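Each reported figure results from applying straightforward, stated rules to the coordinates on display, with no laboratory input. If you're wondering where the values come from, they're calculated on a predicted model, not measured in any experiment.
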Amino acid sequence: MLDLTKKCTKCGEVKNLIDFYKSVKNKDGKNGYCKECSKASAARWDRLHKERRRDLIQARKEGVNISRRKYSDEVLRNRQNKKSKEWRRKNRDRIKSFDLQKRYGIDLEQFNLMFAIQRGNCAICRKSLNMGKGPQVDHDHKTGKVRQLLCSGCNLMLGVAKDNLETLQNAIKYLTKHHKTLDPEAPSTISDP
């Protein structure tokens, strides 16, 4: 025998199927809430979201077909993005410490100590490290051991050379050979490899 009743998931009452709106989402083709609960739920949403309701009506008048859920998702996403940005702004040190711990196994206190020991200068070029841009934590990629703080240019140089001493020594020889400040009047040595 075919069951022509269904229990409302909102109020819990067992009602005839004609007391439920159609829904393609459910196997039985009917909404989970009865019509009374569906209307009450929609009215509650409208009461709680007057601005959204007004915007939805205006959008429909302008011919834009937008569902409550889509509108709600966009509004919530924008609101969440604002909250996230605000939280990140207020918790920069906490985020930095977490990131340092995760990447290098050091905390913000150890990072700040390294910065103070190096007097805020890059360990290679000795230029001042820009705290806003962020000093780079140099580490051995094989062992993971933290070495010192570098500027982004020096850290990039080591990364491109893959920490290969021979490559870096060859670069020093090359620069020494072609350094113009030794004798600016000296002819170019393009033919000399």
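For this structure, a couple of remarks:
- Radius of gyration over Kirkwood radius for the range 107-177, both on Cα atoms: the Rg/Rh ratio is 1.01.
- Taking θ as phi - 60° and the Karplus parameters 6.51, -1.76 and 1.60, the scalar couplings of the range 16-32 work out to 5, 4, 5, 8, 10, 6, 6, 7, 7, 6, 9, 4, 7, x, 10, 5, x Hz in sequence order, x denoting glycine and proline.
- C-alpha center-to-center spacing [the range 95-168, the range 20-44] in angstrom: 59
- In order along the range 110-122, the Karplus-derived 3J(HN,Hα) couplings, from 6.51 cos²θ - 1.76 cosθ + 1.60 at θ = phi - 60°, round to 5, 4, 5, 5, 4, 4, 5, 4, 7, 6, x, 10, 5 Hz, and Gly and Pro are given as x.
- Amide H within-cut-off set for CYS34, under 5 Å, with H built and near neighbours excluded: THR9, LYS10, CYS11
- Close amide H pairs (under 5 Å, H built 1.01 Å from N) link HIS139 with ARG147, residues at least 5 positions away or on another chain.
- Measuring between alpha carbons in the structure, the pairs from LYS10/LYS39; LYS50/LYS85; LYS15/LYS35; LYS6/LYS27; LYS7/LYS27; LYS25/LYS50 lying more than 18 angstrom apart are LYS50/LYS85; LYS25/LYS50.
- Each residue of the range 147-157 is assigned a 3J(HN,Hα), and the resulting list reads 9, 8, 9, 10, 6, 5, x, 5, 5, 5, 4 Hz, derived from the Karplus form 6.51 cos²θ - 1.76 cosθ + 1.60 (θ = phi - 60°), x at Gly and Pro.
- Counting only residues at least eight positions apart within a chain, or on another chain, the lysines with an alpha carbon under 21 Å from that of LYS142 are LYS102, LYS162.
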